[in-house]
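Values quoted throughout were computed directly from the atomic coordinates according to the rules given, and no laboratory measurement underlies them. Just so it is clear, the structure is predicted and the values come from calculations on it, not from any experiment. FYI the Cβ positions are ideal-geometry reconstructions off the backbone, even for glycines, and counts take in every protein chain you see.
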Amino acid sequence: MPNVDDLISKALSRRIFMVGAGSAAALAAVGCQNHFQPQPGPPVTTPPTNPTLTDADYLNFALNLEYLEASYYLFAATGSGLSATDSGSGAGKVTGGAQVPFSSAIQMEYAYEIAQDELNHVRFLRSALGSAAVSAPAIDLTNSFNAAAMAAGIGASFNPFASFDAFLVGAFVFEDVGVTAYHGAAPLLTNTTYLGAAAGIMGVEAYHAAEVRALVLQAGATYVGYANQISALRATLGGGNETTLSATTVVACDPTTAIAFSRTPSQVLQIVYATATIGATSGGFFPSGLNGNIKTTAG
Amino acid sequence: MATTETQVLDEVIASSRRRMVMMGGTALAGLFLGGSTKAEAATLTDADYLNFALNLEYLEAEFYTLASVGKTIDQIGLGVGAGTAATGGGTVTVKPTGVASCQVPFTIPAVMNYATEIASEEQKHVTFLRGALGSSAVAQPNIDLYNSFNAAAAAAGIGPAFDPFASDVAFLLGSYIFEDVGVTAYHGAAGALTSKTNLLAAAGILAVEAYHAGLIRTVLYGMDQANPAAGIAATATKISNLRSLLDGTGNDDIGLGTTMDELNGASATFTASTIVNADSNTICFSRTAQQVLNIVYASPSGTKGGFFPNGLNGNVS
């Protein structure tokens, strides 16, 4: 796919110029995006959910989540995180993270694969966004998991880097959320090229989610219990949208239609910030908040 | 879900109206352009794509229902007729020993559970799409789950015959044939849908197909690593290679095995699994309707064959 980056960069350039030139102004002036956009064809009758947000804003929102996932998996796999090149200028600090003491080749293979996949997503989105790409925000991989463990009732602390099974529970925290985040963002995108990319990344997150859920089942009842305590916490923070993990419910989806759940950006922020408070701009995995225009919980 | 389904229904009705208008235009376009495929493609509506998906869901639901309970989907009460009619669907061809003999003699409880779960989810996809399409829903076409697998096995170089209902591993390999294709089919269709409601539903079904694919591939890879002599991953990779051959886009279907990755280092020194089936950006592949048809018809240019001996029902066939 050598031409995808070029295509996306070209298609984005007009929009990126606007975002780069005055994102603060864009936030203040509701609907100003429409003044800058060409309007080919008949007028659109269905207004976008939030007329101030562009495709670039949603891609940057996704990029923040990919920075988090890539940092987590790269530390687990290698003991170090994203390179400076992959993090962007002025990137935030990463707290915690350590190589998992793997005990078999297949454990390493699984971890390496997902780490490379999430790194590829970071690189793809940074390339697609070009100069509009936000740098990696500050990421906390220690206090975040401890607080989540406390809130979920698992215990006073939780170190996902302590063992392969603990690592799976840490991975469980992210993957289903990634699916719901991309699913919720897909219809908000206006450009079909980005829509295709977002749907394809969502598919990969779902492969990961199923893999992680299947491996947590293999890890045994203790870890399934932890995962479901995390799942219940996510349901509280993120508007429900959870399927309890069991031997007969590997897939997370609506029990009536078997269609995967979707979450609004705010519901995703509430999970990664670990707060249901409206108006929150940081917390949990992102102690200084997300970078970009989507960073405040709205309930 | 009543609200959502009503919305979907509204969208489908709107799409059908659009289709009638556009089909009038196609006839004219045909006069000028000699009925080029491009003009034909432009007439496809959301309902056409949903019916295309419904054909694939009938196939998947039949396979998993037979595997888990030894019955066809109409035998368990799922509607298979045109529109809202419960009956009137096509035939299902299975091995000579009969429908009941398709229930897999599972020896691994986890695999039996997976079969039961996936059967339930594919049945729900059939019901959801039929509900969304209402009177526009196509009937189940004739489905072949016997000669199709044998021919696929021969074409893939697996052997002269393959019974996906014979054992846990055979069932997982049979599933492997479908799920990655479902992902690419919904991915390809997502960008073509005009209604955001339909898009959301299609993307959500895509994700569930990807969950299934991830689950099947993880279980198969684990079994392969536990018993390398059985050659399970190698067989799965032959299926991937056959799909690559049939869809005509080159070797873009990732088999089960390992690859060398760089991660955050400077050289490819990390041996990683290939559970995920995706491109070099780790974005799932996308297939056009034609490429999907080439795979399910087991022919690079046919209008029927393979799993659908009489072709698909609907305007994408």
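Remarks
- FRET E, pair B:Ala166, A:Ala84, Förster distance 60 Å, beta-carbon r, rounded to 0.05: 0.65
- Summarising the amide proton neighbourhood of A:Phe286: residues at separation of 5 or more, or on other chains, whose placed amide H is nearer than 5 Å comprise A:Asp140.
- Counting Cβ atoms of other protein chains within 10 Å of each Cβ in A:207-219 and taking the mean gives 6.
- In order along region B:80-97, phi translates into HN-Hα couplings of 10, x, 5, x, 9, 5, 5, 10, x, x, x, 7, 10, 8, 10, 5, x, 6 Hz, rounded to whole numbers, per the Karplus curve 6.51 cos²θ - 1.76 cosθ + 1.60 with θ = phi - 60° and x for Gly and Pro.
- Radius, Kirkwood style, for region A:45-156 when every pair of distinct Cα atoms is counted (Å): 15.5 Å
- Using only side-chain charges placed at the Cβ, +1 for Lys and Arg and -1 for Asp and Glu, the dipole size of region B:153-226 relative to its Cα centre rounds to 280 debye.
- Unsatisfied cross-links (Cα-Cα over 30 Å) in the set B:Lys124/B:Lys196; B:Lys71/B:Lys304; B:Lys196/B:Lys238: B:Lys196/B:Lys238
- Mean per-residue shielding of peptide B:215-221 is 5, counting Cβ atoms of other chains within 10 Å of each Cβ.
- Burial ranking of peptide ranges B:222-234, A:55-67 (average Cβ count within 10 Å, highest at the top): A:55-67, B:222-234
- Normalised by residue number, the volume inside the convex hull of the Cα atoms of region A:128-275 is 121 Å³ per residue.
- Along each principal axis, taking the top coordinate minus the bottom one, the Cα set of region B:155-244 gives 49, 26, 20 Å in descending order.
- The modelled label-to-label distance for the pair B:Gln290/B:Ile108, using points 7 Å beyond Cα in the direction of Cβ, is 3.9 nm.
- Between 0 and 90°, nearest 10: helix B:109-133 axis offset from chain B longest Cα axis: 10 degrees
- Residue ranges A:287-297, B:151-161 sort as A:287-297, B:151-161 when ordered by packing (mean number of other C-beta atoms within 10 Å per residue, highest first).
- Acute angle (nearest 10 degrees) that the helix B:168-190 long axis makes with the longest principal axis of chain B, alpha-carbon atoms: 40 degrees
- Here the calculated FRET efficiency for B:Thr93 and A:Ser127, from their Cβ-Cβ distance with R0 = 35 Å, stands at 0.15, rounded to the nearest 0.05.
- If only the Cβ of Lys and Arg carry +1 and only the Cβ of Asp and Glu carry -1, the dipole of chain B around its Cα centre is close to 640 debye.
- Nearest-ten-degree value, helix B:147-156 long axis tilted from longest Cα axis of chain B: 60 degrees
- Estimated from the Cβ-Cβ distance and a Förster radius of 41 angstrom, the FRET efficiency linking B:Ala230 and B:Thr303 is about 0.65.
- Chain B - percent relative contact order, Cα under 8 Å, separation 6 or more: 18 percent
- Per-q log10 I(q)/I(0), chain B, q = 0.12 Å⁻¹ (Debye; single scatterer per alpha-carbon; no solvent): -0.82
- The fewest-to-most ranking of A:Cys253, B:Cys284 by surrounding Cβ atoms within 10 Å reads A:Cys253, B:Cys284.
- Neighbouring partner chain Cβ atoms per residue of A:273-285, average, 10 Å criterion: 0
- Amide H to amide H distances under 5 Å link B:Asp144 with B:Thr93, B:Phe308, where only residues 5 or more positions off or on other chains count and H is placed in the peptide plane.
- Among A:169-178, B:83-92, A:211-220, sorting by the average number of other beta carbon atoms lying within 10 angstrom of each residue, highest first, gives A:169-178, A:211-220, B:83-92.
- With an a/c value of 1.5 or above and a/b not larger than b/c for the gyration tensor axes a ≥ b ≥ c computed over the alpha-carbon atoms, region A:218-270 is described as oblate.
- Beyond 14 Å, the tail of the calculated P(r) for region B:45-94 holds 54 percent of the Cα pairs.
- Binned Cα-Cα distance frequencies in region B:237-290 - 5 Å width, integer %: 4, 18, 23, 25, 15, 9, 5, 2, 0
- All C-alpha to C-alpha distances of region B:98-196, sorted into 5 Å bins beginning at zero, yield P(r) values of 2, 10, 15, 21, 20, 15, 10, 6, 2, 0 percent in whole numbers.
- Ranking B:Ile118, B:Ile108, B:Gly90 by Cα position along the charge dipole of region B:39-119, where only Lys, Arg, Asp and Glu carry charges on their C-beta atoms, puts B:Ile108 farthest toward the positive end.
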